[in-house]
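These notes concern the structure reproduced below.
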Amino acid sequence: KVRIHEQLVDALDLSMLAHVSKDQLAKEVRTLAQEILAEEVPRYDPVLRERMLEEVYHEVFGLGPLEALMNDDAISDVLVNHPHEIYVERHGRLEQSDVMFADEQHLMRIIQRIVSRVGRRIDEVSPMADARLPDGSRINAVIPPLALNGPTLSIRRFGRRPLQVEDIIDAGSIPRDIVEFLAAAIDARVSFLISGGTGAGKTTLLNALAKYIPHDERLITIEDSAELQLQHRHVVRMETRPPNNEGVGEITPRALVRNSLRMRPDRIIIGEVRGGEALDMLQAMNTGHEGSLTTIHANDTRDALSRLELMVAMSGFDLPIAVVRQYIATGMALVVHLARLKGGVRRVMQVSEIVGIRESGFHLEDVFGFE
């Protein structure tokens, strides 16, 4: 298969690719692949021949061996440790797949294709990269010299259809009472924070709850890697940009938050707050952009607010802790915490209200709690 793929690439007239539609190109590639396959193995079984043609097509246009895994709706994560070891998460549990790459060069070729499609780069100078697939799935790649066992690839899959609130309720992740409470809070322009660990479902919940934002409001979304698929008519999506080969041209989340204030937003939605942009976000929430939403990595609702304090300190302004806490308490009213329990089950664990400030920290009262 690798040999046929190499011959196919050599046979293609790369200068014509920019002037040919994808359908026409796919037809050309299939015809060429059939001719090469007929020469290589003239007595190949018809079923295997068709499978080989399909796989060669995925080598040229898709994710190679991973394409079959990406078409399985039960898989939520694809984790490539090295070319011959690929794990998948299916229904919340990790299991090893029988899919593999030919070698490190094969895996590296797929990584380069994914990263280049979204204007990112990955090489020895920049050996880490975040990217996304057309369906919104998030990808992280690390290559040598940072990855000691060869190139690694992690894919957080997004389903073909974004999960709706009803899907999350049916899965038992959130009771209908909490949904109705949060829907009312969104309609009343109450800003809140969604916290949780990796893979807890923060972005999924944020995406689903956004349906309760009135459709006559203008939304600005800011993300490191665009994942949100808001079911809303009036959305402007923005994405950060890493530095180029010369180390310049970086656009940070903080710069995008500041710029969004000039774009007449009703609400600002930040995919994940993780740095100095926390201060600019709080300023927006306190100056006429109530009802803004964001997510944060944390272990519980109290820890989420402590991390937010730390991120405000990362903004470079030496603000007294009492001022920071007052700013947070004024800008936000609720913290929703999710967790991923043993066996991969995801649950909303707490919905806490920020009642006020005490000497020891925030005064929180749980509106809902999971036992």
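The values are calculated or read from the model by the stated rules, or taken from the named source; none is laboratory data. Keep in mind it's a predicted model, so treat the numbers as computed, not measured. Cβ: placed from backbone, ideal geometry, glycine included. Neighbour counts: every protein chain shown. Just the protein is used for accessible areas: all its heavy atoms, side chains included, with ligands, DNA and RNA removed. Shrake-Rupley method; radii C 1.70, N 1.55, O 1.52, S 1.80 Å.
Of the conditions (1) touching a residue at least 40 places away in the same chain (Cβ under 8 Å); (2) part of a loop (DSSP other than H, G, I, E, B); (3) surrounded by fewer than 19 Cβ atoms within 10 Å (Cβ to Cβ), PRO214 satisfies every one except a single condition; which number is it?
(1)
Would you confirm whether or not region 177-197 contains a residue that is at pLDDT below 90, surrounded by fewer than 21 Cβ atoms within 10 Å (Cβ to Cβ) and touching a Gly at 6+ places or on another chain (Cβ under 8 Å)?
no
List pairs: first in region 281-295 and at positive phi, second open to solvent by 10 Å² or more (accessible area, probe 1.4 Å) and assigned to a loop (DSSP other than H, G, I, E, B), Cβ under 6 Å, 6+ apart or cross-chain?
Listed pairs, sorted by first residue: GLY291/ARG189.
Cβ-Cβ distance below 7 Å, separation of 6 or more or different chains: which pairs start in region 177-189 with a residue that is small (Gly, Ala, Ser) and end on one that is surrounded by 15 or more Cβ atoms within 10 Å (Cβ to Cβ)?
Listed by first residue and then by second, the contacts come to ALA183/TYR212; ALA185/PHE192; ALA185/LEU334.
Before we move on, is VAL336 of a type in the set (Val, Ile, Thr), touching a residue at least 60 places away in the same chain (Cβ under 8 Å) and part of a strand (DSSP E or B)? Explain how you work it out, then say what you get.
Values: of a type in the set (Val, Ile, Thr): yes; touching a residue at least 60 places away in the same chain (Cβ under 8 Å): yes; part of a strand (DSSP E or B): yes.
Taking the combined requirement at face value, the residue satisfies it.
Taking only region 303-327 into account, find how many residues are of a type outside the set (Ser, Thr, Tyr) and crowded, with 17+ Cβ neighbours inside 10 Å.
Step one: list which residues in region 303-327 are of a type outside the set (Ser, Thr, Tyr), which gives 303-305, 307-314, 316-326.
Those left that are additionally crowded, with 17+ Cβ neighbours inside 10 Å: 304-305, 307-309, 311-312, 324-325.
Going through region 303-327 one residue at a time, the tally reaches 9.
Please work out if ALA200 is more than 18 Å from MET285 (Cα to Cα), of a type in the set (A, V, I, L, M, F, W, C) and at pLDDT below 90.
Numbers: more than 18 Å from MET285 (Cα to Cα): yes; of a type in the set (A, V, I, L, M, F, W, C): yes; at pLDDT below 90: yes.
In short, yes.
Filter region 339-369 for residues that are free of Cβ contacts under 8 Å to residues at least 24 places away in the same chain and of a type outside the set (D, E, K, R); which is least open to solvent (accessible area, probe 1.4 Å)?
Looking at residues that are free of Cβ contacts under 8 Å to residues at least 24 places away in the same chain and of a type outside the set (D, E, K, R), I get HIS363.
Search region 229-241 for residues being outside any strand (DSSP E or B) and in contact (Cβ under 8 Å) with a residue 60 or more places away in the chain, and hand back the single one that is nearest to the chain's Cα centre (by Cα). Lay out the reasoning, then the answer.
Our first condition is that a residue be outside any strand (DSSP E or B); within region 229-241, this holds for 229-234, 240.
When the remaining residues are screened for being in contact (Cβ under 8 Å) with a residue 60 or more places away in the chain, the result is 229, 231.
Working: GLN229: 10, GLN231: 17 Å.
Taking the candidates together, the pick is GLN229.
Which of the numbered conditions does GLU55 fail, given that it passes all the others? Conditions: (1) surrounded by 15 or more Cβ atoms within 10 Å (Cβ to Cβ); (2) part of a strand (DSSP E or B); (3) charged (D, E, K, R).
(2)
Please verify whether HIS84 is over 30 Å from GLU250 (Cβ atoms), more than 23 Å from the chain's Cα centre (by Cα) and surrounded by 17 or more Cβ atoms within 10 Å (Cβ to Cβ), treating the condition exactly as stated.
Details: over 30 Å from GLU250 (Cβ atoms): yes; more than 23 Å from the chain's Cα centre (by Cα): yes; surrounded by 17 or more Cβ atoms within 10 Å (Cβ to Cβ): no.
Considered against the rule, which asks whether it is over 30 Å from GLU250 (Cβ atoms), more than 23 Å from the chain's Cα centre (by Cα) and surrounded by 17 or more Cβ atoms within 10 Å (Cβ to Cβ), HIS84 comes out as no.
Filter region 90-146 for residues that are open to solvent by 50 Å² or more (accessible area, probe 1.4 Å), modelled with pLDDT of 85 or more, part of a loop (DSSP other than H, G, I, E, B) and closer than 23 Å to THR198 by Cβ and give the result.
LEU146
Exactly one condition in (1) of a type in the set (Gly, Ala, Ser); (2) under 17 Å from the mean Cα position of the chain (by Cα); (3) open to solvent by 50 Å² or more (accessible area, probe 1.4 Å) is false for GLY247; which is it?
(2)
Which pairs have Cβ atoms under 6 Å, sit 6 or more apart or on different chains, and link a residue in region 87-107 that is under 25 Å from PRO144 (Cβ atoms) to one that is open to solvent by 30 Å² or more (accessible area, probe 1.4 Å) and part of a loop (DSSP other than H, G, I, E, B)?
These pairs meet every condition: MET100/HIS84.
For the list (1) under 25 Å from ILE75 (Cβ atoms); (2) open to solvent by 60 Å² or more (accessible area, probe 1.4 Å), I need the number of the one condition that GLU223 fails.
(2)
Among the numbered conditions (1) within 21 Å of the chain's Cα centre (by Cα); (2) open to solvent by 50 Å² or more (accessible area, probe 1.4 Å); (3) of a type outside the set (Lys, Arg), tell me where LEU261 comes up short.
(1)
Return a yes/no flag: does region 194-211 have any residue that is out of contact with any strand residue (DSSP E or B) (no Cβ under 7 Å at 6 or more places or on another chain), of a type in the set (A, V, I, L, M) and over 22 Å from VAL367 (Cα atoms).
Among the residues of region 194-211, not one is out of contact with any strand residue (DSSP E or B) (no Cβ under 7 Å at 6 or more places or on another chain), of a type in the set (A, V, I, L, M) and over 22 Å from VAL367 (Cα atoms), which makes the answer no.
Somewhere in region 43-50, is a residue open to solvent by 80 Å² or more (accessible area, probe 1.4 Å), touching a strand residue (DSSP E or B) at 6+ places or on another chain (Cβ under 8 Å) and in a helix (DSSP H, G or I)?
Scanning region 43-50 turns up no residue that is open to solvent by 80 Å² or more (accessible area, probe 1.4 Å), touching a strand residue (DSSP E or B) at 6+ places or on another chain (Cβ under 8 Å) and in a helix (DSSP H, G or I).
Determine, yes or no, whether PRO253 is touching a residue at least 40 places away in the same chain (Cβ under 8 Å), open to solvent by less than 40 Å² (accessible area, probe 1.4 Å) and under 21 Å from ARG218 (Cβ atoms). Before the answer, list the steps.
Working: touching a residue at least 40 places away in the same chain (Cβ under 8 Å): no; open to solvent by less than 40 Å² (accessible area, probe 1.4 Å): yes; under 21 Å from ARG218 (Cβ atoms): yes.
Judged against the criteria, PRO253 is not a match.
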